[in-house]
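Visitor: I have a structure I would like to understand better, so I am pasting it below and will then ask my questions one at a time.
Readers should treat all values here as calculations from the given coordinates under stated rules, not as data from a laboratory. Quick caveat, the model's predicted, so the values are computed rather than measured. Cβ: placed from backbone, ideal geometry, glycine included. Neighbour counts: every protein chain shown.
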Amino acid sequence: MAEPPLASALRPVEGLGRFVLHIVNSAGRFGTFLGQALAAMVTPPFKLWPLLGRINYIGFRSLLIILLTGAFTGMVLGLQIFFTLSRFGSEAFLGPAVALSLIRELGPVLAALMVTGRAGSALTAELGIMRITEQIDALTVMALSPMRYLVAPSLIAGLITFPMMTALFDVVGIFGGYLVGVELLGLSEGTYFGEMQTFVDMGDIMTGFWKSVCFGVIVTWVCTYKGFHVSRGAEGVAAATTQAVVLSSVLILVWDYFLGTVLP
Amino acid sequence: MIKVVGLRKSFNGQPVLRGVDLEVPDGSITVIIGRSGGGKSVFLKHLIGLMRPDSGRIEVGGVDFGRLRGRALDEVRKRYGVVFQGGALFDSMSCRENVAFPLREKTRLSSTDIAKQVDTALERVGLAGIGDKYPEEVSGGMRKRVAIARALVTEPEIVFFDEPTTGLDPVLVNTIHRLIQDLHRTSRFTAVMVSHEIPEVFDLADRVGMLHEGRIVEIGPPAAVQGSSDPIVQQFIRGEPGADQ
């Protein structure tokens, strides 16, 4: 039987409605998951060893990549900003320019992206494999909360390690800029650090700090959520891992913009 | 006693359980048989509280288990032991740590007492001495036995087995069945098992129920089910392909 013309005309609207419902539904499930994880975080008894394990997994094992990317980011910034400033005869401002770029923006964002790639993806894959091999179900039927055992320690570890990783990234980056600006291009050491102290204040440092705290929550939240809700076997784990990294990265950049407009 | 009344469950409008009725007497071994895709695992997930029914009741000791939430649900689950199809052992822990895990997390026993109970549990399943190996380092049959040891170490009143012998050779199937029988004889737990193993389950079970197209079509002692006049039951027991194959 032929389809009424009105029905075919309304099909795009139906599709749009289905898409919106899917988004609202997903956002609701994401929100509920975070609420349950936050409740698990503040519900005793508190387990120290799983938390230390997660700090090691997310933070300590990401040290090398943070040191490497931090150093090279600082070096690239030092090089590019030096040549830009030299056109205006303002090379003296290299130190504050590198420091402000790193502390306010690049440190929190790049450190978060690096930790997402290294630890976030592994977190999703680990939880995903636990899901498809029924290890999460096993915890549930033992009357033990998977939220408290698996998700809450990751969230707390994210809150602790992301600011520390960011601070490390900033410091290494500033010394990377120093290496290029002072050791290679001949700027004086006093100018590089002296101007930095004049222009960088506590507000800049707190901006970077709050960003890193938010990114710590976003990355561990998205990655644990995606791992926790894996289905369809190995293919599902692969898909969830990709989605977790992509979604975390996008949210980091979007949230960075919003925080940039809100924070002083 | 576990009593299931009119249990229904659908996924995306597709009914999987169409009104399951079942009674599991205390201290018995009840085995649910049925074809793959017939809803056995979904049914078991309802019994252990991993899924919620669309309608119907699951009573455990007179309590409507299917409607419980939070702590009340966990209180009933504390009486449970579950052996999953693949074992569901924590792969980041050794076999010994896996068996110790429920004791460490759910009791206030000292580490010495936990170690003693774990040794006893591993001995009971014939695995004394392999405790320090990781699940990936032992055979499939051993993994199943570690899973059984973990499920029984807290001495639960009710133990659920989800196809505990899937993927094992016939000798190991009989070994696991004998092990379950021996453990049941000494511990007297109530057991509900989902299995495909025909005819082996008839030697193990006190009662056998056949789940077909979302309903229990036959239930009773093994001899009665084996002698059932229902053509669906006979067809399944004999392993004959049906009209839809």
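Visitor: Please give the average number of partner chain Cβ atoms lying within 10 Å of the Cβ of each residue in A:139-150, rounded to a whole number.
Guide: 5
Visitor: With +1 on the Cβ of every Lys and Arg and -1 on the Cβ of every Asp and Glu, and nothing else charged, how large is the dipole of region B:92-155 about its Cα centre, in debye rounded to the nearest 20?
Guide: My answer is approximately 160 debye.
Visitor: Run the reach check for A:Lys47 against lysines, Cα to Cα strictly under 18 Å, same-chain hits fewer than 8 apart removed. What comes back?
Guide: Here the lysines satisfying the reach criterion relative to A:Lys47 are B:Lys106.
Visitor: Hey, what angle do you get for helix A:152-178 against the long axis of chain A, alpha-carbon based, 0 to 90 degrees rounded to 10?
Guide: Between the helix axis and the principal axis of chain A, the angle is about 30 degrees.
Visitor: For a paramagnetic label modelled at 7 Å from the Cα of A:Leu263 toward its Cβ, which residues of region A:159-179 fall within the zone defined by backbone nitrogen distances under 18 Å?
Guide: From region A:159-179, the list is A:159-174.
Visitor: Something else now. Are any of the pairs B:Lys40/B:Lys144; B:Lys3/B:Lys40; B:Lys9/B:Lys78; B:Lys45/B:Lys144 more than 23 Å apart by Cα-Cα distance, and if so, which? Please list the in-between numbers first.
Guide: Working: B:Lys40/B:Lys144 19 Å; B:Lys3/B:Lys40 16 Å; B:Lys9/B:Lys78 25 Å; B:Lys45/B:Lys144 19 Å.
Among B:Lys40/B:Lys144; B:Lys3/B:Lys40; B:Lys9/B:Lys78; B:Lys45/B:Lys144, the Cα-Cα distance tops 23 Å for B:Lys9/B:Lys78.
Visitor: Something else now. Taking just the alpha carbons, could you work out the radius of gyration and Dmax for region A:124-264, both in angstroms?
Guide: Calculated on Cα positions, Rg and Dmax stand at 20.4, 66 Å.
Visitor: With n ≥ 4 as the cut-off for DSSP H runs, can you work out [θ] at 222 nm for the protein assembly as shown, using -39500 (n - 2.57) per run divided by the number of residues, rounded to the nearest 500?
Guide: -19000 deg cm²/dmol
Visitor: To continue, here is another question. Pick out which of A:Ala152, A:Ala111, A:Ala239 has the largest mean-square fluctuation in a Gaussian network model of chain A, springs linking Cα atoms closer than 10 Å.
Guide: Comparing A:Ala152, A:Ala111, A:Ala239 in the GNM, the peak value goes to A:Ala239.
Visitor: Still on this structure, please answer the following. Taking amide H atoms as placed 1.01 Å from N in the peptide plane, list the residues 5 or more away in sequence, or in a different chain, whose amide H sits under 5 Å from that of B:His212.
Guide: B:Val217
Visitor: How many angstrom separate the Cα center of region B:94-139 from the Cα center of region B:158-209?
Guide: If we compute the Cα centre of each part, the gap is 22 Å.
Visitor: Continuing with the same structure: Using packing as a proxy for protection, rank B:205-218, A:45-58 so that the peptide with the highest average count of other Cβ atoms within 10 Å comes first.
Guide: Result, highest mean Cβ count within 10 Å first: B:205-218, A:45-58.
Visitor: Also, I was wondering about something else. Can you tally the net charge around B:Asp64? Count Lys and Arg as +1, Asp and Glu as -1, for every other residue whose Cβ sits under 13 Å from the Cβ of B:Asp64.
Guide: Result for the local shell: +4.
Visitor: State the extension gain, in nm to one decimal, for the chain segment bounded by B:Asp132 and B:Lys106, taking 0.36 nm per residue of separation less the distance between their alpha-carbons.
Guide: Length difference between fully extended and current span is 7.2 nm.
Visitor: Which distance in nm do the two modelled labels at A:Leu38 and A:Phe199 give, with both placed 7 Å along the Cα-to-Cβ direction?
Guide: For A:Leu38 paired with A:Phe199, the spin-label model returns 3.8 nm.
Visitor: Would you kindly derive the ³J(HN,Hα) couplings of region A:78-87 from the backbone phi angles with the Karplus curve 6.51 cos²θ - 1.76 cosθ + 1.60 (θ = phi - 60°), listing them in order in whole Hz, with x for Gly and Pro?
Guide: Taking θ as phi minus 60°, the curve returns x, 5, 5, 5, 4, 5, 5, 5, 5, 5 Hz for region A:78-87.
Visitor: I would also like to ask the following. Figure the gain on full extension for A:Phe60 and A:Ala238 (residue separation times 0.36 nm, minus the Cα-Cα span) and round it to one decimal in nm.
Guide: Net length gain for the segment: 61.6 nm.
Visitor: Could you grab the relative contact order for chain B? Cα pairs under 8 Å, six or more apart, rounded to a whole percent. Intermediate results must be reported in sequence, preceding the final value.
Guide: Details: 438 pairs, mean separation 65.1, N = 245.
Computed over chain B, the figure is 27 percent.
Visitor: Taking 2.2 N^0.38 Å as the expected size of a compact globular protein, what ratio does the Cα radius of gyration of region B:92-155 give against it, to two decimals?
Guide: For region B:92-155, the normalised Cα radius of gyration comes out at 0.99.
Visitor: Taking the dipole about the Cα centre of the protein assembly as shown, with the C-beta of Lys and Arg at +1 and of Asp and Glu at -1, give me whichever of A:Phe30, B:Thr186, A:Thr43 is farthest to the positive side.
Guide: B:Thr186
Visitor: Shifting gears a bit: Express in % the proportion of alpha carbon pairs of chain B at distances exceeding 25 Å. Write out the running numbers ahead of the final one.
Guide: Values: 12930 of 29890 pairs.
It works out to 43 percent of all Cα pairs.
Visitor: Let me ask something else. Once the mean 1/r over all distinct Cα pairs of the protein assembly as shown is inverted, what Kirkwood radius in angstroms do you read off?
Guide: So the Kirkwood estimate lands at 26.5 Å.
Visitor: Additional query: Gap in Å between the Cα centre of region A:225-261 and the Cα centre of region A:87-146?
Guide: Their Cα centres are 11 Å away from one another.
Visitor: Here's another thing I want to ask about it. Across peptide B:78-86, what mean number of C-beta atoms from other chains lies inside 10 Å of a residue's C-beta?
Guide: 3
Visitor: For region B:114-245, would you read off the P(r) tail past 23 Å as a percentage of all alpha carbon pairs?
Guide: That tail contains 40 percent of the Cα-Cα pairs.
Visitor: In addition: Say R0 is 51 Å: what FRET efficiency, to the nearest 0.05, do B:Ala72 and B:Gln226 get from their beta-carbon distance?
Guide: Numbers: r = 40 Å, r/R0 = 0.78.
With a Förster radius of 51 Å, E is 0.80.
Visitor: Just to be sure I understand: with springs between alpha-carbon atoms less than 10 Å apart, which residue in A:Thr43, A:Thr161, A:Thr124 has the highest mean-square fluctuation in the Gaussian network model of chain A?
Guide: Top of the fluctuation ranking is A:Thr43.
Visitor: Can you check what the net charge comes to around B:Val125, using other residues whose Cβ is under 13 Å from the Cβ of B:Val125 (Lys, Arg +1; Asp, Glu -1)? Walk me through the numbers before you get to the answer.
Guide: Working: positive: B:Arg96, B:Arg124, B:Arg143, B:Lys144, B:Arg145, B:Arg150, B:Arg178; negative: B:Asp119, B:Glu123, B:Asp182.
So the surrounding residues net to +4.
Visitor: May I ask you to list the aspartates and glutamates whose Cα is less than 14 Å away from that of B:Lys116, ignoring any residue fewer than eight positions away on the same chain?
Guide: Output for B:Lys116: B:Glu97.
Visitor: Using a 10 Å cut-off around each Cβ of peptide A:7-19, what is the average number of partner chain Cβ atoms that fall inside?
Guide: Averaged over the peptide's residues, the number is 0.
Visitor: Comparing A:Leu179, A:Leu34, A:Leu144, which has the greatest mean-square fluctuation in the GNM of chain A with Cα pairs linked when under 10 Å apart?
Guide: Highest fluctuation among the options: A:Leu144.
Visitor: How far is helix B:170-187 tilted off the main Cα axis of chain B, in degrees rounded to 10, range 0 to 90?
Guide: The helix B:170-187 is inclined about 70 degrees to chain B.
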